[in-house]
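Trainee: Let me begin by handing over the structure; questions about it come next.
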Amino acid sequence: TASRLDRWIGTEMDVLVEEPVEGEDVALGRCRINAPEVDGSVVIHAPNLKEGDVLQARMIGRTGVDLQADPEGLGGKR
């Protein structure tokens, strides 16, 4: 799983925000490679995100089965 996820690091994907983390500039979401209830999540490092937001983000790393994403400079929310 780790090596399969690592190949996505450095790529850009649309991410659907599912759950903003209360009190932090982070939200949990999913992208096209994440199946609900089966795969890990995408941890989006950005402020002021709401459930249902869709944004383009660069995958910047991996923690366990979760990808880390940074939307800075990639077009923002849709």
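The values are calculated or read from the model by the stated rules, or taken from the named source; none is laboratory data. As the structure is a computational prediction, the values presented were derived from the model and not from experiment. FYI the Cβ positions are ideal-geometry reconstructions off the backbone, even for glycines, and counts take in every protein chain you see. Heavy atoms of the whole protein, side chains included, go into the accessibility calculation; ligands, DNA and RNA do not. Shrake-Rupley method; radii C 1.70, N 1.55, O 1.52, S 1.80 Å.
Trainee: Rounded to whole Hz and in sequence order, give me ³J(HN,Hα) for segment 24-30 from the Karplus expression 6.51 cos²θ - 1.76 cosθ + 1.60, θ = phi - 60°, writing x for Gly and Pro.
Mentor: Here the 3J(HN,Hα) series is 9, 8, 9, 9, 9, x, 9 Hz.
Trainee: Per residue, how much accessible area does the chain show when a 1.4 Å probe rolls over the protein heavy atoms, in square angstrom?
Mentor: Here the residues of the chain average 61 Å² of exposed surface.
Trainee: State the answer as a single residue: which of 64, 28, 9 lies farthest towards the positive end of the charge dipole of the chain, with beta carbon charges of +1 for Lys and Arg and -1 for Asp and Glu, about the Cα centre.
Mentor: It is 9.
Trainee: Using each residue's phi in segment 3-14, evaluate 6.51 cos²θ - 1.76 cosθ + 1.60 at θ = phi - 60° and report the 3J(HN,Hα) Karplus result to the nearest Hz, with x for Gly and Pro.
Mentor: In residue order, the calculated couplings are 5, 5, 5, 4, 5, 8, 5, x, 8, 10, 9, 6 Hz.
Trainee: Now for a different question. Given the options 61, 40, 52, state which has the largest fluctuation in a GNM of the chain using a 10 Å cut-off (strictly under) for Cα springs.
Mentor: Sorting by GNM fluctuation, first place goes to 52.
Trainee: Using amide H atoms built in the peptide plane, which far-off residues or other-chain residues are under 5 Å from residue 68 H to H?
Mentor: For residue 68, the qualifying residues are 43, 60, 61, 62, 63.
Trainee: What are the ³J(HN,Hα) couplings of segment 37-47, residue after residue, when phi is run through the Karplus curve with 6.51, -1.76, 1.60 and θ = phi - 60°? Round to Hz, x for glycine and proline.
Mentor: Running phi through 6.51 cos²θ - 1.76 cosθ + 1.60 with θ = phi - 60° gives 6, 10, 9, x, 10, 10, 8, 9, 9, 7, x Hz.
Trainee: For the chain, with a Gaussian network of springs between Cα atoms less than 10 Å apart, report the residue from 15, 42, 26 with the top mean-square fluctuation.
Mentor: It is 26.
Trainee: Could you tell me what percent of the accessible area of the chain is made up of carbon and sulfur, with a 1.4 Å probe and every protein chain present?
Mentor: 46 percent
Trainee: Averaging over all projection directions, find the projected area of the Cα convex hull of the chain and quote it in nm² with one decimal place.
Mentor: For the chain, averaging the hull's shadow over all directions gives 4.7 nm².
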